[in-house]
Amino acid sequence: MIGHRYDLALESRVEGARPEYVFETADGVCSKQSFRTPELLLADVLWSTAADRLLVPEANYGVVGVLLAASTEYVAMTESSARAATLCERNAAANGVETAVTLTTGITELEGTTSAGLEETTGGGMLQLPGVPDERTFDAVAYAPKPYTPLDVGAQRILDAASRLAPDGLIYVAAAKHTGLARYERLLEDVAGAVESAGSRDGFQVLKATLRGNPANGFECRTCATVREFEVIADGIDLSLVSVPGVFSASELDAGTRLLAESAKLSDGERVLDLCCGYGALGTYAASAADCEVWLTDDDRVATACAERALEVNDVEASVVTADGLRGVAAECFDRVLCNPPTHATDEVLDGLFVGVRDVLRSGGELLAVHHRELDLRPQLSAFETVESVAAGDEHVVIRAR
């Protein structure tokens, strides 16, 4: 469910590279209509670096990994977004390069659980990178935090990536003041000592640090992004929920999700899907409220890892899938779909979500969705036979579409 595509082209003027690189992007990924300055800067800085094995955390749609594949023996890219990970794979293939792409949280404290159909981690929290003889060892890490990445999460990803470096490995972080440059510089000084600037452009700077000794012995034990467990009551049911910085409504159950749970009125025997599940509040509620078969899906592996933890803590069973839209449940059929959609997303993303809902609902099934009062979802729901409002709160409305 990639949705509306965008195609970008980049000319190369260096020896040994392709004359032109092409990249597919899509709604819902960072910088879909133009290349990100920090990613291009990383590629320029690392082109002549003697790194045989390169790890690119949060690779977006693959610019750094694809460009450097020509000058590096082995490149591995990771992403927490299923949509972005798919684009990394497509763009590597389109440009004729071989890379390994892994869908993962990139946060050690959340690793160790596996969504349906995904091979992600080993029990020790280390990345399981397909085809890598020793998944712990890289010569260099190249990371360009996305502008909306919480600083705690970005710092944790740097530490966790650094723990995969060989002794005396290099770590490069491309950031600007507004994306956490000062925080990342202090972090690298703390764990590596000397930090230098390896290049700059348009307010962005590449920080370079040499990690002395054996990083695998210490970095994975440090914690910046703390996993948080908190208690809520939804429709009279006590729930324990799990979150980390950066997921939607990380510190409390948002009013819209609470209103939707109170409006669901689930029955035993139903098959229920929590679409765009976030950290799994609705799915955990559904599995606790009735004897239902519950599925949860989200594009964000960080969110689904939290959802898995919540199900375990509440001692309820459900299937969790990390996938772009409804791709991970396309073969299933549901009586109810519960959805607090990402209303900050584009109309194209919402169109794709709700068209996909029709395909997984049984005849007579229904979608229950919550949204802010000022938002009009009727254009996205025009393919449904009936759409009605069933509940209203101070700021939210719950609609039923059949």
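The values are calculated or read from the model by the stated rules, or taken from the named source; none is laboratory data. Since this is a predicted model, take the numbers as computed values, not measurements. With ideal geometry, Cβ positions are generated from the backbone for all residues, glycine too; neighbour counts draw on all protein chains shown. The protein model used for the area step is the full one, side chains on, heavy atoms only, and it has no ligands, DNA or RNA in it. Shrake-Rupley method; radii C 1.70, N 1.55, O 1.52, S 1.80 Å.
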Within segment 168-188, restricting to residues that are in a helix (DSSP H, G or I) and either touching a strand residue (DSSP E or B) at 6+ places or on another chain (Cβ under 7 Å) or over 24 Å from V63 (Cα atoms) (or both), the one that is most open to solvent (accessible area, probe 1.4 Å) is R186
Scanning segment 60-77 residue by residue, the ones that are open to solvent by less than 10 Å² (accessible area, probe 1.4 Å) and farther than 14 Å from A140 by Cα total 5
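When the residues of segment 233-283 are filtered to those that are of a type in the set (A, V, I, L, M, F, W, C) and part of a helix (DSSP H, G or I), which remaining residue is most open to solvent (accessible area, probe 1.4 Å)?
Result: A255.
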When segment 377-393 is checked residue by residue, the ones that are under 22 Å from A255 (Cα atoms) and open to solvent by less than 70 Å² (accessible area, probe 1.4 Å) are L377, V387, V390, A391, A392, G393
Restricting attention to segment 375-402, the residues that are among the charged types (D, E, K, R), over 15 Å from R358 (Cα atoms), assigned to a loop (DSSP other than H, G, I, E, B) and without any contact (Cβ under 8 Å) to a residue 60 or more places away in the chain number exactly 1
Quick count over segment 193-228, residues being touching a Leu at 6+ places or on another chain (Cβ under 8 Å), more than 19 Å from A175 (Cα to Cα) and either among the small types (G, A, S) or at pLDDT 95 or above (or both), is 1
Scanning segment 321-350 residue by residue, those surrounded by 18 or more Cβ atoms within 10 Å (Cβ to Cβ) and either free of Cβ contacts under 8 Å to residues at least 60 places away in the same chain or in contact with a His (Cβ under 9 Å, 6 or more places away or on another chain) (or both) turn out to be V329, N340, P341, V349, L350
For A94, are the conditions met, namely being among the aliphatic types (A, V, I, L, M) and crowded, with 21+ Cβ neighbours inside 10 Å?
no
Those residues of segment 1-28 which are surrounded by fewer than 18 Cβ atoms within 10 Å (Cβ to Cβ), of a type in the set (A, V, I, L, M) and either at pLDDT 90 or above or closer than 15 Å to T86 by Cα (or both) amount to L8, A9, L10, V22
Picking from A286, A318, A307, the residue that is touching a residue at least 12 places away in the same chain (Cβ under 8 Å) and open to solvent by 10 Å² or more (accessible area, probe 1.4 Å) would be A318
Worksheet item: Before we move on, is E252 in contact with a strand residue (DSSP E or B) (Cβ under 6 Å, 6 or more places away or on another chain) and of a type in the set (D, E)?
Response: no
